[in-house]
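First the structure, which I've put down as structure tokens, then a few questions once you've had a look.
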Amino acid sequence: MGISAAGLGSGLDINGLVSQLMSAESRPLSLLKTQQKAVGAKLSAYGQLSSALANLQTALKGLSASGLSASSASSSSSALSVNAGTGATPGSYAVAVTQLAQSHKLTSPGQASDSADLGAGTLTISVAGGAPVTLAPASNSLRDLRDAINASGLAVTASLVNDGSASGHRLVIAGRDSGAGKSIALTGSGALTAFSYDPAAPVAFAYDAGGLPPSVMSQTQAAQDAQLTIDGLKISSATNTVAGAIAGVTLQLAQVTATPATLTVARDAAGVKNAINAFVKSYNELRTLVGTQTAFNDATRTGAALHGDSGPRSLLTQLRSTMTAAVGGAGSLDVLSDIGLSFQKDGSLTVNDAKLQTAIDTVPADLKALLAGSDGVATRLGTQLTAMLGEQGAIGSRTEGLNATQRRLSQRETALEARLDAIETRYRAQFTRLDAALARMQGTSSYLSQQLSALANL
């Protein structure tokens, strides 16, 4: 097979010629790629705009009826902690804890080894009066019993302890749940008879006068409820987490109190103020983003990704219109400026801290109605933002339109690249034929020159 190269015959620069021609032919493709880049930038910008609107929507949750009704709670004693939730009513309460809730805990008679088989027998366990489960492991060492209990699925855990004495190995069984109703009953047979325990006839673990522990299953910790009083009223709870004794308030008991602790529930004024400031911050971030996305740089004569697109500013105008409209049924308050929220010339939203604090302290019900009522500003904004961010909303519709444009441009790009490939192939074929023709002409010219030269020498 012969070796060929572009322009080898006549010295014609085929590659250079084709490259220059294709550069001109490719201009439409370059323009198309520029369009694709611009559409991609717009899609990215609308993604950022969607995120900013979603952030504003999240900030509105703090201005809901429950958010504006939030309470804070404190305790004067480390013996109990307190948390105030929805529905908590401001007030002060005297809380005395006389007993903590605890789970049932039993210990077995001591054994010389935890691995020696105690002999044939079964152990039946019942928790909180539930269905009994009988265990019959292949071997009845303390280790085998521990493993069988932990694999039983019952609400108990078993472990081994050793006090270091000659018969110091013991099986300890503890309930997982606290409360007087969560006691453990054991019935042992055969070699495990001494492991029986009846909660109705409790045996407390204690050393006798000779310093010896019980030779039967005994109780190291009784199953019991928490006992406390709230303003003198007796309360009982199966756990140390007491919810519902005071509406909207949860107590976490840590220890018995020597004297009653003072529990104080108050409106969370700081939380309300923080929620309003977070909303203002989120709105201003949205406004700044829209300004950046639609800006025009006079120095470089270039516009941002959404310059000339009226959509983003239209969204801001709609939101601002909703925020400045008067609200009915909010008592002494009609508009946001009544609580210190007002728009500046640049479109940003500012807060008059003193005016806002006055509204929070003096007219909390009116403030709640202004923001979270059925016609409240936050309520209307929430509905508006949901529509804007929906599939058929302004953001979704514009994004879908841009995606459709991007798909069309991609199809045109594919077709144009195929056309350019065909054009380049044609150019190369044409120049290759031209190169061959030129080579033949050069050969003929050289032959004729040689013949003429020979005639001249005759």
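The values are calculated or read from the model by the stated rules, or taken from the named source; none is laboratory data. Everything numeric here is computed off the predicted structure, so don't read it as measured data. Here Cβ is always computed from backbone atoms with ideal geometry, including for glycine, and neighbour counts include all displayed protein chains. The accessibility values were calculated without ligands, DNA or RNA, using every heavy atom of the protein model including side chains. Shrake-Rupley method; radii C 1.70, N 1.55, O 1.52, S 1.80 Å.
Can you tell me which of ILE423, ILE360 is in contact (Cβ under 8 Å) with a residue 60 or more places away in the chain, surrounded by fewer than 17 Cβ atoms within 10 Å (Cβ to Cβ) and among the β-branched types (Val, Ile, Thr)?
Numbers: ILE360 fails: surrounded by fewer than 17 Cβ atoms within 10 Å (Cβ to Cβ).
Answer to the check: ILE423.
Would you confirm whether or not the stretch 264-274 contains a residue that is over 30 Å from SER78 (Cβ atoms), open to solvent by 50 Å² or more (accessible area, probe 1.4 Å) and under 30 Å from the mean Cα position of the chain (by Cα)? Let's see the steps before the verdict.
Of the residues in the stretch 264-274, the ones over 30 Å from SER78 (Cβ atoms) are none.
Within the stretch 264-274, not a single residue is over 30 Å from SER78 (Cβ atoms), open to solvent by 50 Å² or more (accessible area, probe 1.4 Å) and under 30 Å from the mean Cα position of the chain (by Cα).
Quick one: count up the residues across the stretch 174-200 that are open to solvent by less than 60 Å² (accessible area, probe 1.4 Å) and either more than 46 Å from the chain's Cα centre (by Cα) or more than 25 Å from LEU253 (Cβ to Cβ) (or both).
If we filter the stretch 174-200 for residues that are open to solvent by less than 60 Å² (accessible area, probe 1.4 Å), which is where we start, we get 174-175, 178-181, 183-186, 188-192, 194-197, 199.
Going one step further and asking which of them are either more than 46 Å from the chain's Cα centre (by Cα) or more than 25 Å from LEU253 (Cβ to Cβ) (or both), we end up with 185-186, 188-192, 194-197, 199.
Residues that pass the stated criteria total 12.
OK, next. Give the residues of the stretch 238-263 that are open to solvent by 30 Å² or more (accessible area, probe 1.4 Å), in a strand (DSSP E or B) and either closer than 27 Å to VAL363 by Cα or of a type in the set (S, T, N, Q) (or both), sorted by residue number.
THR241, THR250, GLN252, THR262
Hey, any hits in the stretch 264-271 for a residue that's of a type in the set (Asp, Glu) and part of a helix (DSSP H, G or I)?
From the stretch 264-271, those of a type in the set (Asp, Glu) are 268; that's our starting set.
Okay, now just the ones that are also part of a helix (DSSP H, G or I), so none.
So far as the stretch 264-271 goes, no, none of its residues is of a type in the set (Asp, Glu) and part of a helix (DSSP H, G or I).
A follow-up question, please. What is the residue count in the stretch 363-400 for residues that are hydrophobic (A, V, I, L, M, F, W, C), more than 20 Å from THR288 (Cα to Cα) and surrounded by 15 or more Cβ atoms within 10 Å (Cβ to Cβ)? Walk me through how you get there before you give the answer.
To start, the set of residues in the stretch 363-400 that are hydrophobic (A, V, I, L, M, F, W, C) comprises 363, 365, 367, 369-372, 377-378, 381, 385, 387-389, 394-395.
So of that shortlist, the ones also more than 20 Å from THR288 (Cα to Cα) come out as 363, 365, 367, 369-372, 377-378, 387.
Now narrow it down to the ones that are surrounded by 15 or more Cβ atoms within 10 Å (Cβ to Cβ): 363, 367, 369-372, 377-378.
Here the count works out to 8.
Out of all the residues in the stretch 120-150, which are open to solvent by 70 Å² or more (accessible area, probe 1.4 Å), over 23 Å from SER167 (Cα atoms) and in contact with a Leu (Cβ under 9 Å, 6 or more places away or on another chain)?
THR134, ALA136 - these are the residues of the stretch 120-150 that are open to solvent by 70 Å² or more (accessible area, probe 1.4 Å), over 23 Å from SER167 (Cα atoms) and in contact with a Leu (Cβ under 9 Å, 6 or more places away or on another chain).
Restrict the check to the stretch 357-364 and report whether at least one residue is assigned to a strand (DSSP E or B) and touching a Ser or Thr at 6+ places or on another chain (Cβ under 9 Å).
Within the stretch 357-364, the subset assigned to a strand (DSSP E or B) is none.
Looking through the stretch 357-364, none of the residues is assigned to a strand (DSSP E or B) and touching a Ser or Thr at 6+ places or on another chain (Cβ under 9 Å).
What pairs can you find where one residue is in the stretch 294-321 and under 18 Å from ASN284 (Cβ atoms), the other is polar (S, T, N, Q) and open to solvent by less than 70 Å² (accessible area, probe 1.4 Å), and their Cβ atoms are less than 7 Å apart, with a gap of 6+ or different chains?
Between residues of the stretch 294-321 that are under 18 Å from ASN284 (Cβ atoms) and residues that are polar (S, T, N, Q) and open to solvent by less than 70 Å² (accessible area, probe 1.4 Å), the close pairs are PRO312/GLN293; PRO312/THR294; ARG313/THR294; GLN318/GLN384; LEU319/GLN384.
Residue by residue through the stretch 212-237, note down the ones that are among the small types (Gly, Ala, Ser) and open to solvent by 50 Å² or more (accessible area, probe 1.4 Å). Even if it seems obvious, please write down each step before you answer.
Filtering the stretch 212-237 for residues among the small types (Gly, Ala, Ser) gives 215, 218, 222-223, 226, 232, 236-237.
Passing the criteria: SER215, GLY232, SER236.
So, in the stretch 56-97, how many residues would count as being over 19 Å from GLY244 (Cβ atoms) and either touching a Ser or Thr at 6+ places or on another chain (Cβ under 8 Å) or of a type in the set (Asp, Glu) (or both)?
Result for the stretch 56-97: 8.
Tell me, please, whether a residue that is in a helix (DSSP H, G or I), in contact (Cβ under 8 Å) with a residue 24 or more places away in the chain and in contact with a Pro (Cβ under 7 Å, 6 or more places away or on another chain) can be found in the stretch 388-411.
Just the residues of the stretch 388-411 that are in a helix (DSSP H, G or I), to begin with: 388-389, 394-411.
From the residues that got through so far, the ones that are in contact (Cβ under 8 Å) with a residue 24 or more places away in the chain too are 388-389, 394-395, 398-399, 402-403, 405-406, 409-410.
Restricting the remaining residues to those that are in contact with a Pro (Cβ under 7 Å, 6 or more places away or on another chain) gives none.
Within the stretch 388-411 (the criterion being in a helix (DSSP H, G or I), in contact (Cβ under 8 Å) with a residue 24 or more places away in the chain and in contact with a Pro (Cβ under 7 Å, 6 or more places away or on another chain)), the answer is no, since none of the residues qualifies.
Okay, next question. Check whether at least one residue in the stretch 65-81 is open to solvent by less than 30 Å² (accessible area, probe 1.4 Å) and polar (S, T, N, Q), and report yes or no.
Yes, there is a match, as at least one residue in the stretch 65-81 is open to solvent by less than 30 Å² (accessible area, probe 1.4 Å) and polar (S, T, N, Q).
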